[in-house]
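The next block holds one structure in the form of structure tokens; read it before the comments.
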Amino acid sequence: MRITHPFHPLCGRKFELICRRRHWGEDRLVYEGQNGRLCTIASAWTDIDPPDEFRLIAAGRAAFCAVDLLALCDALDRLAESIGVGDAQT
């Protein structure tokens, strides 16, 4: 696996994947780092999965995915209900 996140200090380096697990609520990869230490990294920061189709098609032109915007709307509705604002869509 290769680290692909542009701001990660090891961007571009290849490592042998040891295992893939959920840590801290996200999909993470375990690999052997420098000096033989086990390290983890978010799978989204590597080339382990095929690229997201939306991001390929958008080619950097869209700031948000429709799915993410709908999830934000749901979260805002739940927040409005919890603080008693009423219908957040009006």
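The values are calculated or read from the model by the stated rules, or taken from the named source; none is laboratory data. Here the structure is a predicted model, which means the values were calculated and not measured. Every residue, glycine among them, receives a Cβ derived from its backbone with ideal geometry; neighbour counts consider all protein chains shown. These accessible areas exclude ligands, DNA and RNA; they are computed on the full protein's heavy atoms, side chains included. Shrake-Rupley method; radii C 1.70, N 1.55, O 1.52, S 1.80 Å.
Observations, loosely collected:
- Net lengthening on full extension, residue 48/residue 20 (0.36 nm per residue, minus Cα-Cα): 9.1 nm
- Equivalent ellipsoid of the chain: semi-axes from √(5λ) of the C-alpha gyration tensor, largest first, are 36, 18, 10 Å.
- Cα long-axis angle, helix 66-83 against the chain (0 to 90 degrees, to the nearest 10): 60 degrees
- Once exposed loop chymotrypsin sites (Phe, Trp or Tyr not before Pro) are cut out (DSSP; at most 11 other Cβ, 10 Å), longest piece of the chain: 25-63
- Computed on protein heavy atoms with a 1.4 Å probe, the accessible areas place 82, 43 in the order 82, 43, largest first.
- Checking every one of the GluC sites (Glu not before Pro) in the range 11-69 against DSSP loop status and a limit of 12 other Cβ atoms within 10 Å picks out 16.
- Surface composition of the chain: carbon and sulfur atoms hold 56% of the protein heavy-atom accessible area at a 1.4 Å probe.
- Charge tally in the Cβ shell below 14 Å around residue 56, where Lys, Arg are +1 and Asp, Glu are -1, residue 56 excluded: -2
- Comparing 28, 78, 13 in a Gaussian network model of the chain, where Cα atoms under 10 Å apart are tied by springs, the biggest mean-square fluctuation is seen for 78.
- Given charges at beta-carbon only (K, R positive; D, E negative), |dipole| of the chain in Debye: 600 debye
- Accessible surface ranking that places the most exposed of 41, 83 first, with a 1.4 angstrom probe: 83, 41
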